[in-house]
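**Q** Mind looking over this structure? Questions follow.
Just so you know, all these numbers are worked out from the coordinates, no wet-lab data involved. Keep in mind that this is a model prediction, so the values were computed, not measured. For neighbour counting, all protein chains shown are included, and Cβ atoms are generated from backbone atoms with ideal geometry for every residue, glycine included.
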Amino acid sequence: MNLIERIDTVCLKVRDINTASSWYQEMLGLEEQYREEHYAILKIGESGVPLTLEKGEPNGEGNSTYPIFFSSSIDEAYKTLSIRGVTVTDIQHDGLNTYFELFDVDGNKSQICYWK
């Protein structure tokens, strides 16, 4: 038996659950699965690991732990998010991965990547 079986969720602190949940649904297409007063759980595509938004003080751009989302259509994801007004960095290529960073309404950093 493994002591740890899987990653259960990734949590981000947000100021307002309603605003943040709406942002992740409208901008990234995530689907809210469950909500309580102080948190919301959002489904990420076919991934078994959801994103949990917890009410609290966000860490902003300095957050050292952040979710990395995968997209096989990274150029389209970049273009769509840019059109929607999401703050994004330039697309980077490190030899193996193609990726860019984005920031939510609370300044929390995430990344979208593609690799073959």
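**Q** Defining a contact as two alpha carbons under 8 Å apart and six or more residues distant in sequence, what relative contact order in percent does segment 77-116 show? Please list the in-between numbers first.
**A** Details: 53 pairs, mean separation 12.0, N = 40.
That works out to 30 percent.
**Q** With n ≥ 4 as the cut-off for DSSP H runs, can you work out [θ] at 222 nm for the chain, using -39500 (n - 2.57) per run divided by the number of residues, rounded to the nearest 500?
**A** Helix contribution divided over all residues of the chain: -5500 deg cm²/dmol.
**Q** Mind checking the full-extension length gain between TYR34 and ASN2? Use 0.36 nm per residue of separation minus the Cα-Cα distance, one decimal, nm.
**A** On the way: separation 32, 0.36 × 32 = 11.52 nm, distance 2.80 nm.
Length gained between TYR34 and ASN2: 8.7 nm.
**Q** Of the labelled options [x] 2, 9, 15, 19, 20, 15, 11, 6, 2, 0, 0; [y] 2, 12, 20, 23, 17, 11, 8, 5, 2, 0, 0; [z] 2, 11, 21, 24, 21, 13, 6, 2, 1, 0, which one gives P(r) over Cα pairs in 5 Å bins from 0, in percent as computed for this structure?
**A** Given [x] 2, 9, 15, 19, 20, 15, 11, 6, 2, 0, 0; [y] 2, 12, 20, 23, 17, 11, 8, 5, 2, 0, 0; [z] 2, 11, 21, 24, 21, 13, 6, 2, 1, 0, the calculated one carries the label [z].
**Q** How do 33-40, 51-58 rank on mean C-beta neighbours within 10 Å, highest first? Can you show the working numbers first?
**A** Values: 33-40: 13.2, 51-58: 17.9.
Per-residue Cβ counts within 10 Å, averaged per peptide and sorted highest first, yield 51-58, 33-40.
**Q** Could you give the dipole magnitude of the chain about its Cα centre, charging the beta-carbon of Lys and Arg +1 and that of Asp and Glu -1, in debye to the nearest 20?
**A** Values: 10 positive and 19 negative charges, 25 e Å.
So the magnitude is around 120 debye.
**Q** Between ASN18 and PHE70, how high is the FRET efficiency from 1/(1 + (r/R0)^6) when r is the Cβ-Cβ distance and R₀ = 22 Å? Nearest 0.05.
**A** Details: r = 27 Å, r/R0 = 1.23.
Rounded to the nearest 0.05, the efficiency is 0.20.
**Q** Also: Can you spot the aspartates and glutamates whose alpha carbon is less than 17 Å from LYS116's alpha carbon? Ignore those fewer than 8 places along the same chain.
**A** Within the straight-line limit of under 17 Å, LYS116 reaches these aspartates and glutamates: ASP75, GLU76, ASP94.
**Q** Over the chain, what relative contact order in percent results from Cα pairs under 8 Å that are six or more residues apart? Write out the running numbers ahead of the final one.
**A** Details: 210 pairs, mean separation 29.4, N = 116.
In percent, rounded to a whole number, it is 25.
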